[in-house]
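Here's the structure we're looking at; comments come further down.
Quick note: the coordinates plus some simple rules give every number you see, no bench work behind them. Values in this document were obtained by computation on a predicted structure and should not be read as measured data. Note: ideal-geometry Cβ built from the backbone for every residue, glycine included; neighbour counts use all protein chains shown.
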Amino acid sequence: MPVALVTGITGQDGSYLAEMLLEKGYDVVGMVRRSSTITFDRIEQIQDKITIVQGDLHDQSSLVNVFEEYKPDEVYNLAAQSFVPTSWNQPVLTGEVTALGVTRMLDAMRLVRPKARFYQASSSEMFGKVQEVPQSESTPLYPRSPYGVAKVYGHWITINYRESYDMFAVSGILFNHESPRRGLEFVTRKITNGVARIKLGLDTEIGLGNLDSRRDWGYAKDYVEAMWLMLQKDSPDDYVIGTGETHEVREFCEIAFSYADLDYKEFVKKDERFFRPAEVDLLVSDPSKAKQELGWEIKVGFKELVEMMVQADLDKIKQKLGQ
Ligand code: NAP
Ligand code: F7E
């Protein structure tokens, strides 16, 4: 059985990717960092089917050890400090993990498993102040946060290792993708969880920042399929992955609240704390290369995604309340 190493397996994408790889017959090795409390909520259901190994993107020797011990055929580098606002408060940590962490992974692979295939989780945040609409693989990069800057580094070091050492190393430039497993601080899950809490009488409002910004939101489960497809190609290349549609945060609110028969205008309050020092106003992908070369397309559309997330939060909270 081929062996896949997944960093960031406890995160949203890592959990969906691991499930998909198990279905495809891989031995899945998930790298987790040590913490005083276990953060395995998203992988509870597959814990006995995967191998969990400790390692940290800060620590080179831990990465080399993982490569030596498990000899992966495919490596999915999903671990990162991934929350944009935190990147202004912790810019150096963000650079260490989200930028230099990629080099540590690539270098461990170069030394131990140079023939393995490497996937880097690049991001539409690299387009930032967009230079072109829609954004494709050739759109110039203009990041607007320390997170975006760190991802640009990770993106280019992946290309550099491919070109310098002839390694099979690729980047997926993924636009925002969400799910019921999304972290609670990201705007989509903050809204859907808030709607469920308001509907069930636990809260009376949600404080949000910029409702005007526009994002290209898709379903995370569709996006992990694209990661795998990129590593099955004959030759390595980078791909934009998104829906090709863009929606305002306000529109997300409208659909989420109306699914619960509520009017968002009554419950969404402006909160200055959630505005950013520099904003990414508009993201919209051109995923035509992925469609043509990978045969990849979304299965879940925007409205279905929003409603799925609200319903999942309603179910989760009702279960907790014993309803
Ligand atoms: P996520 O839910 O925030 O997961 C991040 C993962 O990284 C977690 O498993 C976390 O572990 C791990 N991690 C953080 N610091 C680490 C370190 N120093 N060493 C080892 N592991 C560490 O992120 P996601 O939404 O699944 O995204 C996956 C990747 O895709 C990230 O690189 C993200 O930047 C990128 N991306 C995401 C999107 C999106 O819309 N979701 C779009 C484009 C790119 P803990 O559980 O211990 O915190
Ligand atoms: O913000 C606005 C905020 O934090 C989306 C990460 O996965 O996708 C994600 O980054 C928009 C922004 O995601 C609130 O100003 C308004 O314009 O959900 P978000 P993000 O910053 O787009 C990219 C592709 C990644 O790579 C990242 O890892 O929503 N917004 N009010 C708010 N955002 C938050 N978080 N909270 C608010 O209250």
Alpha carbon centroid spacing (whole Å) that separates the stretch 29-104 from the stretch 212-273: 24
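Work out, step by step, the length gained on full extension between ASP271 and TRP156: first 0.36 nm times the residue separation, then minus their alpha carbon distance; give nm to one decimal.
Numbers: separation 115, 0.36 × 115 = 41.40 nm, distance 3.60 nm.
Length gained, ASP271 through TRP156: 37.8 nm.
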When only Cα pairs under 8 Å and 6 or more residues apart are kept, what is the percent relative contact order across the chain? 17
From the backbone phi of the stretch 19-30, what are the Karplus-calculated ³J(HN,Hα) couplings (6.51 cos²θ - 1.76 cosθ + 1.60, θ = phi - 60°) in whole Hz, Gly and Pro given as x? 4, 5, 5, 4, 4, 7, x, 7, 7, 9, 10, x
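Of HIS58, HIS177, how do they rank once you tally other Cβ atoms within 10 Å and put the fewest first?
On the way: HIS58 14, HIS177 27.
Result, fewest neighbours first: HIS58, HIS177.
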With the crude spin-label approximation of a point 7 Å out along Cα→Cβ, what separation in nm comes out for SER164 versus LYS291? 3.7
What is the Cα convex hull volume of the stretch 1-61 when expressed per residue in Å³? 83
Spelling it out for GLY218: with amide H atoms placed in the peptide plane at 1.01 Å from N, the residues 5 or more places away or on another chain with amide H under 5 Å from its amide H are HIS177, GLU178
Using only the alpha carbons of the chain, determine the length spanned along each of the three principal axes and report them from longest to shortest in whole angstroms. 57, 47, 38
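Go ahead and estimate [θ] at 222 nm for the chain from helices alone: -39,500 (n - 2.57) per DSSP H run with n ≥ 4, summed, over the residue count, rounded to 500. Before the final figure, lay out the partial values.
Values: 12 runs with 132 residues, N = 323.
Computed ellipticity for the chain at 222 nm equals -12500 deg cm²/dmol.
Kindly put THR86, THR39 in sequence by how many other C-beta atoms sit within 10 Å of each C-beta, fewest to most. Intermediate values should be presented prior to the final figure.
On the way: THR86 16, THR39 11.
Exposure proxy ranking, most exposed first: THR39, THR86.
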C-alpha long axis of helix 187-199 to longest principal axis of the chain, angle in °: 40
Amide H contacts under 5 Å for VAL240, restricted to residues at least 5 apart in sequence or on another chain and with H modeled in the peptide plane, are GLU137, ILE173, ALA290
Largest-first principal axis extents, alpha carbons of the stretch 74-151, Å: 39, 30, 14
Roughly what angle does helix 220-231 make with the longest principal axis of the chain, taking Cα atoms, 0 to 90 degrees, to the nearest 10? 20
How much of the DSSP beta bridge set in the chain is antiparallel, as a percent to the nearest 5? 5
Read phi for every residue in the stretch 108-115 and hand back ³J(HN,Hα) as whole Hz from Karplus 6.51 cos²θ - 1.76 cosθ + 1.60, θ = phi - 60°, with x for Gly and Pro. 4, 5, 4, 6, 9, 9, x, 8
On alpha carbon coordinates alone, what is the Rg over Rh value for the stretch 133-228, Rh being the Kirkwood radius? 1.08
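With r defined as the distance between the Cβ atoms of LEU22 and GLN54 and R0 fixed at 25 Å, what FRET efficiency is calculated, to the nearest 0.05? Walk me through the numbers on the way to the answer.
On the way: r = 21 Å, r/R0 = 0.82.
With a Förster radius of 25 Å, E is 0.75.
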Which distance in nm do the two modelled labels at ASP281 and LEU211 give, with both placed 7 Å along the Cα-to-Cβ direction? 1.9
Give the long-range amide H neighbours of VAL130: residues separated by 5 or more places, or on another chain, with amide H under 5 Å away, using H modelled in the peptide plane at 1.01 Å from N. ASP281, LEU282
What distance in nm separates the simple spin-label points at VAL92 and SER136, each placed 7 Å from Cα in the Cβ direction? 4.2
What do you get for the angle between helix 302-321 and the principal long axis of the chain? Use alpha-carbon atoms, 0 to 90 degrees, nearest ten. 80
